[in-house]
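To keep things clear, I will list the structure first and then write my remarks on it.
The values are calculated or read from the model by the stated rules, or taken from the named source; none is laboratory data. Note that the structure is a prediction, hence the values are computed from the model and not measured. Cβ atoms come from the backbone with ideal geometry, glycine included; neighbour counts cover every protein chain shown.
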Amino acid sequence: MCSYNWNWPILLKDPYFTWIVTGFGNTILIAVLAWAIAFPLGSAIGIARTADNRALRLAGTVCSESRSPEGDPHAGYHRAPSGRNHA
């Protein structure tokens with residue numbers, strides 16, 4: 001088995017500790033910004049899909065149902081009539 005002795009306390013010394021704290025802060029910042037963009041945009045698209053206005057409903061449906069074959073990991077995935085999944 002591996003007998004390497006990890007030196008964990010070095011992570012609490014500069015510059016490593018500063019890098020960890022900065023990286024954690026950047027991760028939280030990006031997550032908050034992503035949520036701040038995704039929530040209002042997703043809500044607007046979802047509300048548009050339930051609108052009485054046909055143009056808004058169409059725009060909301062196109063935004064939520066259109067997929068790019070290159071970027072969609074489930075491209076080509078279809079549900080068979082029997083309910084069983086086939087690729």
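Side notes on the structure shown:
- Only one of Ala48, Ala59, Ala80 that is in contact with a strand residue (DSSP E or B) (Cβ under 6 Å, 6 or more places away or on another chain) and at pLDDT below 95: Ala80
- Test: residue in region 30-40 that is of a type outside the set (Phe, Trp, Tyr) and surrounded by 12 or more Cβ atoms within 10 Å (Cβ to Cβ): no
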